[in-house]
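Please read the structure below before turning to the comments.
FYI, it's all coordinate maths here, none of it is from the lab. Keep in mind the model is a prediction, meaning the values are calculated, not measured. Neighbour counts run over all protein chains shown; Cβ positions are idealised from the backbone, glycine included.
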Amino acid sequence: PIHQSEYLINGELITWQGETADVYSTISTTEDYQRTLLGSVPDMAEKEALQALDAAVAAYDQGQGVWPTMKVNDRIACMEKFVGQMAGKREEVVKLLMWEIGKSLPDSEKEFDRTVEYIKDTIEDYKQLDRNSAKFQKHDGVYAHIRRGPLGVVLCLGPYNYPLNETFTLLIPAIIMGNTTIFKPAKHGVLLIAPLIEAFQNSFPKGVVNIVFGRGRAVAGPIMKTGKIDVLALIGNSTSANSLQDQHPKSNRLRLVLGLEAKNPAIILPDADLDLTVNECIAGTLSFNGQRCTALKVIYVHEDIREEFNRRFAEKVDTLKFGNPWDEGVKLTPLPEAQKPSYFQELIDDAREYGAEILNPKGGETTENFIWPAILYPVNKEMKVYQEEQFGPVIPIVPFSDISEPLDDMAASNYGQQVSLFGSDVYALAPLIDTLANLVCRVNLNSSCQRGPDVYPFTGRKDSAVATLSVHDALRSFSIRTFVAFKDN
Ligand code: G3H
């Protein structure tokens, strides 16, 4: 087991003396299903949280600190040092991703590699940003040298489904733009920070990155209450985001960088290529067991092809392989959150009560740490699985006969991240694409929803997001334009 006893504050690795929280894996190696103890982390509270905050505030020093005033090339050198050291930790981090959150080996490797790539791309984009800001503009006799500066102290909180990638998607651009940070890893996917903590300590000046552990309520709440946080950066659920925002005494002035819930629909038109559509819907609904904010969470299928689509989709879902993350060809893996199978069962029972059936014979079969994907049909607005972001292997299918039906549902939804549109007639699709783009932020043609490649804008309308998180946009989300002006005398 890994007993992570150190936390990072003000450039120092401090040994924790207080209570610890055990970290268990959902994966068991025993016949009688015992969750595996992976290790423990400090269960920190207000006092240490505020020490971390003080360190970040002092390092920022109202924009006068070493880091916010550091030359661009020196800041880049720190980030390059960090990513170089991080790259050497691949094996350890990948292993922890598999054990802590049950992500398959190929997906865990992808998460690590993609994150390294994200940091390298961020460095390149930052260089470009700096080159551009070196150019002068002139309007009406006034020259301007426009550049980008930091915003202040950033609190970063990432999710359990991408504990490395998405947390770093917030942290890395925040750091490189000259902000100072406090970062608390997610509850699941917390130990994988252990192999990286020294790289943070070695690479950045003191106080730039402060790493704390503990429950959000105990750690993040007190930090927000001080009013000293300039940016709340969170990928997760809106309940946590709202509560943290509300605790800030000047919440209306707090800047937000948020990635929240989504209910991305697939819309399948009568002329869709069904082989392709079935494959994309499987990837979209069930990659990492559907535990992605970008997952397809509802499928609208046209009446004319619904029978054929439902049959093929249900057949294929039941052929997917369930197993441990390192098993060859595995597609479905244990769920990291112990309470989730019972929530999914609740959604299934509720839908059945309102008249839906499970289309696939294996649908809803449960073991200690898993529930087999259940395809529910026909789903309607009365059902919880239609209303809630299920974030897991329960797949609602809604039939439609006129395109206005899914469009009206999307317009009425609280969410607006992405949509997948399946159909062959490009002339019919063209006007529809314009309408869909006004309802969500990414329209995927004949392909499932996803975030990557990470250079493309990742955002959402309504309750799905605040700010944009591509490599390029994130640098802007964590900075403000400043400029020096002078006259042509
Ligand atoms: O949970 C949301 C993630 O950003 C999903 O990313 O689409 O690359 O799996 P992905």
15 Å beta-carbon shell around T169, net charge (K/R +1, D/E -1): -2
Cα centroid separation, the range 279-347 to the range 99-114 (Å): 18 Å
Loop-located GluC sites (Glu not before Pro) in the range 1-104, at most 16 other Cβ atoms within 10 Å (DSSP): E19, E31
Computed label-point distance, nm, for sites I197 and E382 using a 7 Å Cα→Cβ extension: 5.3 nm
Coil-residue chymotrypsin sites (Phe, Trp or Tyr not before Pro) of the range 236-330, DSSP, other Cβ within 10 Å capped at 16: W326
Exposure proxy ranking, count of Cβ atoms within 10 Å, fewest first, for L164, L53: L53, L164
Cross-link pairs K321/K384; K47/K250; K187/K340; K228/K263 - those with Cα-Cα distance over 25 Å: K321/K384; K228/K263
Sequence of F200, F478 once ranked by neighbouring C-beta atoms within 10 Å, starting from the fewest: F200, F478
Taking E198, E166, E353 and counting other C-beta atoms within 10 Å, the order from fewest to most: E353, E198, E166
Derived scalar couplings ³J(HN,Hα) [the range 212-223; Karplus, 6.51 cos²θ - 1.76 cosθ + 1.60; whole Hz; x for Gly, Pro]: 10, 10, x, 7, x, 5, 7, 9, 6, x, x, 5
Near-label residues of the range 70-109 by backbone N, under 15 Å of a point 7 Å along Cα→Cβ of N324: 95-106
Mean ellipticity per residue at 222 nm, deg cm²/dmol - from DSSP H runs of n ≥ 4 across the chain, formula -39500 (n - 2.57): -12000 deg cm²/dmol
Rel. contact order, % - alpha carbon contacts under 8 angstrom, at least six apart, the chain: 18 percent
Coordinate range along principal axes, alpha carbons of the range 101-202, Å, largest first: 61, 28, 24
